[in-house]
Amino acid sequence: MKLRESSIKAILLRIIPPILAKPLRKSIRRARGARYARLLDEFHQILQQHGSSATVILFPPSLDWQTQLFQRPQHLALALARQGALVFYFQPPNVKSVENFQPIEKGLYLCNFPAEALGGLNKPYLYLLTWNRTYADVFQSPRIIYDYVDEIDVFAGHPRKLRREHEVLLQRAELVMATARRLYEQALPLRPDTLLCPNGVDYEIFAHYRQLPFIQPPADLTPILERKKPVIGYYGALATWFDYSLLRKVAAHRSDLTFVLVGPDYDGTLPPDLLNLPNVEWLGVKPYEQIPIYLHFFDVATIPFKVNDVTHAVSPLKLFEYMAGGKPVVVTPMRESAGYPGVLIASSPEEFSAQLDKALELREDQAYLSTIDTVARENTWAVRAQQILKALRS
């Protein structure tokens with residue numbers, strides 16, 4: 001079993017004679033201080049390379065950059081860098097790398113060291129979520145960008161503590177963002193200046209595959225396509241908010257269709273009996289860069305989530321990706337998703353089945369395809385980054 005460096009130090013401090021403990025603590029503090037000084041110096045060298053005019057934004061640890069699902073923090077970090085910001089994205093402590101500052105692309109660095117190392121910075125911009133607020137205490141007078149991304153009950157942890165963190169962030173943040181109208185309305189009483197900033201799409205990546213004359217299908221999708229039945233697809237987390245019952249009922253009555261699921265069994269709720277249906281296929285987790293290829297072979301894309309307070313407040317990242325890929329979209333009647341042109345809404349298994357038929361008819365409807373393409377173009381991550389930077393500068 002491998003022990004982290006901090007754990008080894010803690011064990012040593014417990015087992016050595018008390019007379020030696022104080023000198024050892026001083027030695028550890030000196031070594032850490034020297035390392036942090038080197039990291040801070042390296043940080044300032046990077047600042048000098050990029051010039052003094054760039055807006056510098058730190059993303060304290062939240063999600064591993066290489067997590068199973070490429071999510072909002074990673075997308076925003078990329079988009080902000082592409083719009084001219086200088087972004088430092090801190091990896092969680094359990095992620096190791098030989099590089100302290102690992103360049104991803106121009107203006108974006110992965111930081112593979114404790115965020116505390118840059119704690120001496122004065123008034124840095126910090127991108128924070130409800131559940132990592134405590135990183136605000138590490139820095140001097142931080143200018144907080146608070147991203148309110150989901151109902152508080154969704155996050156792991158004690159709900160009352162998370163609610164307190166949320167309220168502190170609302171009060172202290174220089175900029176408050178909400179990803180969905182429901183969250184936006186909740187934040188307004190305390191923060192009338194809240195910015196409505198839904199999820200977005202890296203449009204060029206998903207639209208690119210629409211224009212290619214031929215794409216080799218992935219190996220696990222090839223036998224499915226050989227059935228010559230329309231593919232009804234979904235990608236993303238398979239979790240408690242997914243309406244497995246709805247999909248089971250629709251699939252059981254539509255043997256003329258094949259239902260393909262791509263993504264992780266996020267919380268172990270994917271029911272085996274669903275996968276026993278002959279026309280339901282689960283292909284597991286795929287790297288993010290392969291997702292547009294799988295989407296290319298969908299005939300219809302779906303978001304069959306349960307409808308409740310949590311999902312009404314969700315801005316499905318995949319919605320705009322589906323549209324950029326040129327795929328008709330069928331969703332359950334969630335408030336945020338239903339608010340965009342071109343989305344087909346279904347409240348019951350019967351309606352869902354009927355909307356799938358309508359979606360199949362729309363595959364070659366140029367007016368419909370133009371509508372969803374316009375929606376995708378209006379909701380890119382570049383648009384979101386521009387919106388954020390404009391709010392910070394004003």
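The values are calculated or read from the model by the stated rules, or taken from the named source; none is laboratory data. Because the structure is predicted, anything quoted here is derived from the model rather than measured. Counting neighbours? That spans all protein chains shown, and the Cβs are built from the backbone with ideal geometry, glycine included.
Observations
- Residue check for LEU295: under 29 Å from ASP147 (Cα atoms) and either part of a helix (DSSP H, G or I) or without any contact (Cβ under 8 Å) to a residue 24 or more places away in the chain (or both): yes
- Number of the exception - GLN45 against (1) outside the structural domain of CYS111 (by TED's automatic domain parsing); (2) surrounded by 15 or more Cβ atoms within 10 Å (Cβ to Cβ): (2)
- Only one entry of THR240, THR194 meets the criterion of being more than 17 Å from the chain's Cα centre (by Cα), more than 21 Å from PHE320 (Cα to Cα), buried (at least 22 other Cβ atoms within 10 Å of the Cβ) and of a type in the set (Ser, Thr, Tyr), and that entry is THR194.
- Residues of the stretch 72-109 satisfying the condition of being surrounded by fewer than 17 Cβ atoms within 10 Å (Cβ to Cβ) and of a type in the set (S, T, N, Q): ASN94, SER97, ASN100, GLN102
- Residue match in the stretch 5-21 (condition: part of a helix (DSSP H, G or I), modelled with pLDDT of 85 or more and outside the structural domain of LEU86 (by TED's automatic domain parsing)): no
- Pairs meeting the criteria (first residue in the stretch 146-171 and on the phi > 0 side of the Ramachandran plot, second residue part of a helix (DSSP H, G or I), beta carbons under 8 Å, at least 6 apart or on different chains) are GLY157/TRP131.
- Cβ separations smaller than 8 Å between residues 6+ apart or across chains give the following pairs from the stretch 37-50 residues that are within 18 Å of LYS106 (Cβ to Cβ) to residues that are at pLDDT 90 or above and assigned to a helix (DSSP H, G or I): PHE43/LEU118.
- Within the stretch 359-377, restricting attention to residues that are free of Cβ contacts under 8 Å to residues at least 40 places away in the same chain and surrounded by 14 or more Cβ atoms within 10 Å (Cβ to Cβ), the residue that is nearest to GLU321 (Cα to Cα) is THR371.
- Filtered by the rule that a residue be surrounded by 15 or more Cβ atoms within 10 Å (Cβ to Cβ), free of Cβ contacts under 8 Å to residues at least 60 places away in the same chain, over 24 Å from the mean Cα position of the chain (by Cα) and assigned to a helix (DSSP H, G or I), the stretch 331-356 gives GLU351, GLN355.
- Scanning the stretch 132-151 for residues that are surrounded by fewer than 18 Cβ atoms within 10 Å (Cβ to Cβ) and in a helix (DSSP H, G or I) gives THR134, ASP137.
- Residue match in the stretch 107-120 (condition: among the small types (Gly, Ala, Ser), modelled with pLDDT of 90 or more, within 20 Å of the chain's Cα centre (by Cα) and assigned by TED's automatic domain parsing to the domain that holds ALA187): yes
- On the stretch given as the stretch 331-355, residues that are closer than 16 Å to ALA251 by Cα and out of contact with any Pro (no Cβ under 8 Å at 6 or more places or on another chain) total 7.
- Test: MET334 is in contact with a His (Cβ under 6 Å, 6 or more places away or on another chain) and not charged (D, E, K, R): yes
- Candidate set: the stretch 213-228, residues that are in contact (Cβ under 8 Å) with a residue 40 or more places away in the chain and over 17 Å from PRO287 (Cα atoms); chosen: the one surrounded by the most Cβ atoms within 10 Å (Cβ to Cβ): ILE224
- Filtering the stretch 298-313 to residues that are surrounded by 17 or more Cβ atoms within 10 Å (Cβ to Cβ), of a type outside the set (Gly, Ala, Ser) and not in a loop (DSSP other than H, G, I, E, B) leaves VAL300, THR302, ILE303, PHE305, VAL310, THR311, HIS312.
- One residue stands out in the stretch 257-292 among those that are assigned to a helix (DSSP H, G or I) and more than 24 Å from the chain's Cα centre (by Cα): the one that is surrounded by the most Cβ atoms within 10 Å (Cβ to Cβ), namely LEU274.
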